[in-house]
Ligand SMILES: Cc1cc2nc3c(=O)[nH]c(=O)nc-3n(C[C@H](O)[C@H](O)[C@H](O)COP(=O)(O)O)c2cc1C
């Protein structure tokens, strides 16, 4: 092989490697043991925004949190949170970290990379949001919601996000993680960063750290 050809192949290999998606297969979630539910209920609280815990979660901790938020808990058609008529979750959860943005895929319990950018500095109206190691972003998915009666879509996606975020609060309490519900968000910026459909709406964030 000529030296020229060698360098062309080397650059192609480099480009492919650097643009390859970095999906993450999460470890299986913890589904037994842990803090009793009533103790977690007693501890449920928002971590202070101004002094938000700055340490990143481990993959196991993130796995537990995402599974609690919207994971499968009964075969392939039952979830940790209730949905209208048992429909598949119509609120998606994205995780924004310093490594990029990932969509939680409850089917495979994986994180699917949607962007390599760190968008955390530009998603919240309060400055401390940028410093949270991970922000979960809850998005009402208009395509999934087309299965719900039109007049109920907004209400039902809020109900779903309420159940999901409370699960995040409880599992965080049980594991000693810090979390905080955030409504004050930069929705247009998030929609653009996540390349969301026009009718999708961003409901809230849950900051995570320890
Ligand atoms: C609907 C809702 C919206 C909220 N929005 C924000 C917000 O934009 N920024 C923030 O710092 N905290 C926000 N929070 C967190 C609340 O301030 C917090 O839950 C409240 O002070 C009660 O504290 P606790 O969760 O420890 O009981 C929100 C909470 C809820 C339930």
Give 191, 117 a once-over and let me know the one that is assigned to a helix (DSSP H, G or I), more than 15 Å from the ligand (Cβ to nearest atom), under 16 Å from the mean Cα position of the chain (by Cα) and surrounded by fewer than 22 Cβ atoms within 10 Å (Cβ to Cβ). 191
When you check residue 136 against the structure, is it in contact (Cβ under 8 Å) with a residue 12 or more places away in the chain, in a helix (DSSP H, G or I) and either closer than 30 Å to residue 75 by Cα or more than 16 Å from the ligand (Cβ to nearest atom) (or both), yes or no? no
Taking the conditions exactly as written (within 16 Å of the ligand (Cβ to nearest atom), in contact with a helix residue (DSSP H, G or I) (Cβ under 9 Å, 6 or more places away or on another chain) and over 20 Å from residue 57 (Cα atoms)), does residue 130 satisfy them or not? no
Just to be sure I understand, how many residues within segment 61-79 are farther than 13 Å from residue 208 by Cα, out of contact with any strand residue (DSSP E or B) (no Cβ under 8 Å at 6 or more places or on another chain) and at pLDDT 95 or above? 3
Which of (1) closer than 26 Å to residue 41 by Cα; (2) within 16 Å of the ligand (Cβ to nearest atom) does residue 92 not meet, given it meets every other one? (2)
Kindly establish whether residue 192 is closer than 24 Å to residue 87 by Cα and without any contact (Cβ under 8 Å) to a residue 40 or more places away in the chain. no
Quick check on segment 26-50: of everything there that is assigned to a loop (DSSP other than H, G, I, E, B) and within 12 Å of the ligand (Cβ to nearest atom), which residue is surrounded by the most Cβ atoms within 10 Å (Cβ to Cβ)? 47
Looking at residue 180, is it closer than 30 Å to residue 30 by Cα and part of a loop (DSSP other than H, G, I, E, B)? no
Can you tell me which residue among 197, 161 is within 12 Å of the ligand (Cβ to nearest atom), under 14 Å from residue 92 (Cβ atoms) and either touching a residue at least 60 places away in the same chain (Cβ under 8 Å) or surrounded by fewer than 20 Cβ atoms within 10 Å (Cβ to Cβ) (or both)? 161
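The values are calculated or read from the model by the stated rules, or taken from the named source; none is laboratory data. The model shown is predicted, which means the values in this text are computed figures rather than measured ones. In this analysis, Cβ positions are derived from the backbone assuming ideal geometry, glycine residues included, and neighbour counts consider all displayed protein chains.
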